[in-house]
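Every number in this text was worked out from the coordinates using simple rules, so none of it is lab data. Since the model is a prediction, treat every value here as computed from it, not as a measurement. Cβ coordinates were reconstructed from backbone atoms using ideal geometry, including for glycine residues, and neighbour counts include every protein chain displayed.
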Amino acid sequence: MTAPLASVAGDVAKVYSDAIFSPRVDGVLDPVTAAMKILAARPEIIPTLPAYRVPDFAAFAPLAQLVGRDAQSRLDAVAALEFHRGAISDAISAGALITLATAVELTTIAAGLGPSVAAAVVAATPAGPAAQMAAAAGLIAIAFGQAQQALEEMRTGLEEAAQRLAAATAQAMAVPLPGATVGTQEAEAALGGYASQTVLGAPPAPAASAPPQVRPVAPPVRATQPAAAAPVREAPAPPPPMAVPAAAPNPSAAAAAAVAAAKSQLGTPYVWGGSQPGGFDCSGLTSWAYRQAGVTIPRIASDQAVGRQVSFAELQPGDLVIWSGHAAMYVGDGMMIEAGDPVQLNPVRTSNMGMAFKGFWRPTA
């Protein structure tokens, strides 16, 4: 962010090295030529940061309280970043004012040069041409000196502003941002459960033929600090007796390719927002796998309920298992692949940490 200020300072240094304002260059005695040289040295005005307003986090604390979490560390980080952005904006604004003031000063010097030289030449007329030339040269040299001084003061001011900008930027970058933790994921799951009840209405009716219920595997979020292990809830007893879907026709070529792509990532670690080999979240894995098969599906888990909804009995490899905040892919034999930590195979289920189940979907239908 200090580049614009440093660039202007470098341009000013070049002005000095080229001796743009030396009266010895081309023997400048014409006030118009001298004024044009001064005007050409005016700096470009440094642009300020665009208007920005920190999003409203007023609802953050009540939501955290609703799920039994402390929001203070997040709110402190937001306040710190807002403060440092103000310091960065002030430093850039200072640089903009310095360049603007210098441009105005050089314009004033150039505009006053012509009338002052004309008056001096008239006054020196009785003494002859040599006196007239000397009077003009003296005033031009004074104008060049004033312009050089203005640019020197600008460079000094920009260097100070650049130092303040670098310090403010470093402080902002050093703000420890609260990372996602296991507790964060539990809070999101709890809020998702509230949303499914208060926003989406009553939970959907169970499918006609549902798979056995097994303990949900929730994709963990990378923690910045060690977190205490959450208590494991015992899964409800599985209903009888259907363990795998009945035999189904072979999947389409695209679905088979998507399954193969997903299986190639078994063991890949979970990464929040990950959608490439090396790190996946749940919907990142399913969307990436189908993309390898030439099929584009939405990136967000709840939006991947696309194509045709199918029953459990109709499941075939490549079908998606969708919740309001999680996604997995059926791979056959009653198993599905999902981005836990790491990407893994698990028995098909319809429950996942209280999220609303949206059903089984076939994107290729």
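Just want the ordering: THR286, THR108, THR364, from fewest to most Cβ atoms lying within 10 Å of their own Cβ.
Working: THR286 31, THR108 13, THR364 20.
With the sparsest Cβ surroundings first, the list reads THR108, THR364, THR286.
Treat the count of other C-beta atoms within 10 Å as a stand-in for reagent exposure and order HIS84, HIS326 from fewest to most. Walk me through the numbers before you get to the answer.
On the way: HIS84 19, HIS326 25.
By the 10 Å Cβ count, ascending, the order reads HIS84, HIS326.
To make sure I understand, if each residue's beta carbon is the centre and we count other beta carbons within 10 Å, what order do GLU159, GLU105 fall in, fewest to most?
Values: GLU159 14, GLU105 19.
Listed from fewest to most nearby Cβ atoms, that is GLU159, GLU105.
Compute the Rg/Rh shape ratio of segment 245-365: radius of gyration over Kirkwood radius, all on alpha-carbon atoms. Could the numbers behind the result be given before it?
Values: Rg = 12.5 Å, Rh = 13.7 Å.
In segment 245-365, Rg relative to Rh is 0.92.
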